[in-house]
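Colleague: Take this structure, written in structure tokens, and hold onto it; I'll ask about it next.
The values are calculated or read from the model by the stated rules, or taken from the named source; none is laboratory data. The shown structure was predicted, so the numbers you read here are calculated from the model rather than taken from an experiment. Here the Cβ positions follow ideal geometry from the backbone for every residue, glycine too, while neighbour counts run over all protein chains shown.
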Amino acid sequence: MAHGHVTLVTGGARSGKSALAERLTLRHGGTPVYIATAEARDTEMAARIDLHRQRRGAGWQVIEEPADLVQALRRSDGAGARLVDCLTLWLANCGEDADIPRLAGTLRAMQSPVVLVTNELGQGIVPANAVARRFRDRHGWMNQTIAAAADQVWMAVSGQPLRLKPGKDDPDEVL
């Protein structure tokens, strides 16, 4: 069975990953669907959410779902290309209840395209406390799992797109 195109976009804070993901979603045409995992729990987060809304404009259907991402994807399949922003917040919202293998399986079963945004946390210093280290490690495993399920993986660096998958060179290719 053919599946919808899955794209993962990663990058650091303020790298341009959300703007890149929006452009990639719009390439699919039709009315795009924005699945938001962020919650405005304080004024700073509310301001961040508002900046994203302003940049996107009014042409997006919005689904706010901080935790049940699998159901949001299933319910919206067929409605157009979906943008999930972001997996890092979803993982933080769900904690140990985040079912990453289930999410990966759901993505592979989608008929409509999905673009997912995630942060790249593993390039910084090792966190000083065990809770933060466990989150960083679980987040890295999540990114690897979703990247393996994705047809394309992009990284945003200083506002510039870098395509990681499919790449020109496959390290597993026999020479």
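Colleague: Which residues, taken from the stretch 3-18, are of a type in the set (A, V, I, L, M) and modelled with pLDDT of 95 or more?
Modeller: Val6, Leu8, Val9
Colleague: Can you tell me how many residues in the stretch 66-80 are under 14 Å from Gly4 (Cβ atoms), of a type in the set (A, V, I, L, M) and outside any helix (DSSP H, G or I)?
Modeller: The number of residues fulfilling the criteria is 1.
Colleague: Of the residues in the stretch 123-161, how many are over 16 Å from Pro101 (Cα atoms) and surrounded by fewer than 13 Cβ atoms within 10 Å (Cβ to Cβ)?
Modeller: Going through the stretch 123-161 one residue at a time, the tally reaches 14.
Colleague: Hey, can you tell me all the residues within the stretch 81-128 that are assigned to a loop (DSSP other than H, G, I, E, B) and either of a type in the set (Asp, Glu) or modelled with pLDDT of 95 or more (or both)? Reasoning before the result, please.
Modeller: So the first thing to find is which residues in the stretch 81-128 are assigned to a loop (DSSP other than H, G, I, E, B), and the list is 81, 86, 98-99, 110-113, 118-128.
Answer for the stretch 81-128, where residues must be assigned to a loop (DSSP other than H, G, I, E, B) and either of a type in the set (Asp, Glu) or modelled with pLDDT of 95 or more (or both): Ala81, Cys86, Ala98, Asp99, Met110, Gln111, Ser112, Pro113, Thr118, Asn119, Glu120.
Colleague: Same structure, new question: Could you tell me which residue of the stretch 72-109 is surrounded by the fewest Cβ atoms within 10 Å (Cβ to Cβ), considering only residues that are over 18 Å from Trp60 (Cβ atoms) and in contact with a Lys or Arg (Cβ under 9 Å, 6 or more places away or on another chain)?
Modeller: In this case the residue turns out to be Glu96.
Colleague: When residues of the stretch 20-44 are filtered for being farther than 23 Å from Arg74 by Cβ, modelled with pLDDT under 95 and not charged (D, E, K, R), how many remain?
Modeller: Final tally of qualifying residues: 2.
Colleague: Conditions: (1) in contact with a Leu (Cβ under 6 Å, 6 or more places away or on another chain); (2) within 20 Å of Val33 (Cβ to Cβ); (3) not aliphatic (A, V, I, L, M). Gln71 meets all but one. Number of the miss?
Modeller: Answer for Gln71: the failing condition is (1).
Colleague: Output the residue which, of all residues in the stretch 47-68 that are charged (D, E, K, R) and surrounded by 15 or more Cβ atoms within 10 Å (Cβ to Cβ), is nearest to Thr106 (Cα to Cα). Before you say what the answer is, go through the steps one by one.
Modeller: Just the residues of the stretch 47-68 that are charged (D, E, K, R), to begin with: 48, 50, 53, 55-56, 64-65, 68.
Within this subset, residues satisfying the condition of being surrounded by 15 or more Cβ atoms within 10 Å (Cβ to Cβ) are 56, 65.
Details: Arg56: 26, Glu65: 16 Å.
Among residues in the stretch 47-68 that are charged (D, E, K, R) and surrounded by 15 or more Cβ atoms within 10 Å (Cβ to Cβ), the one nearest to Thr106 (Cα to Cα) is Glu65.
Colleague: Would you pick out the residues in the stretch 5-34 that are of a type in the set (A, V, I, L, M) and in a loop (DSSP other than H, G, I, E, B)?
Modeller: Once the filter is applied, which keeps residues that are of a type in the set (A, V, I, L, M) and in a loop (DSSP other than H, G, I, E, B), the stretch 5-34 yields only Ala13.
Colleague: Could you go through the stretch 45-54 and let me know if any residue there is under 24 Å from Gly140 (Cα atoms) and touching a Leu at 6+ places or on another chain (Cβ under 9 Å).
Modeller: Scanning the stretch 45-54 turns up no residue that is under 24 Å from Gly140 (Cα atoms) and touching a Leu at 6+ places or on another chain (Cβ under 9 Å).
Colleague: Going by the conditions given, is Glu44 over 22 Å from Gly4 (Cβ atoms), touching a residue at least 40 places away in the same chain (Cβ under 8 Å) and either touching a helix residue (DSSP H, G or I) at 6+ places or on another chain (Cβ under 7 Å) or not basic (Lys, Arg) (or both)? Before the answer, list the steps.
Modeller: Values: over 22 Å from Gly4 (Cβ atoms): yes; touching a residue at least 40 places away in the same chain (Cβ under 8 Å): no; either touching a helix residue (DSSP H, G or I) at 6+ places or on another chain (Cβ under 7 Å) or not basic (Lys, Arg) (or both): yes.
Considered against the rule, which asks whether it is over 22 Å from Gly4 (Cβ atoms), touching a residue at least 40 places away in the same chain (Cβ under 8 Å) and either touching a helix residue (DSSP H, G or I) at 6+ places or on another chain (Cβ under 7 Å) or not basic (Lys, Arg) (or both), Glu44 comes out as no.
Colleague: Is it true that some residue in the stretch 26-37 is basic (Lys, Arg), out of contact with any helix residue (DSSP H, G or I) (no Cβ under 7 Å at 6 or more places or on another chain) and surrounded by 14 or more Cβ atoms within 10 Å (Cβ to Cβ)?
Modeller: The first filter runs over the stretch 26-37 and keeps only residues basic (Lys, Arg), leaving 27.
Within this subset, residues satisfying the condition of being out of contact with any helix residue (DSSP H, G or I) (no Cβ under 7 Å at 6 or more places or on another chain) are 27.
Then drop every residue that is not surrounded by 14 or more Cβ atoms within 10 Å (Cβ to Cβ), which leaves none.
Looking for residues that are basic (Lys, Arg), out of contact with any helix residue (DSSP H, G or I) (no Cβ under 7 Å at 6 or more places or on another chain) and surrounded by 14 or more Cβ atoms within 10 Å (Cβ to Cβ), one finds none in the stretch 26-37, hence no.
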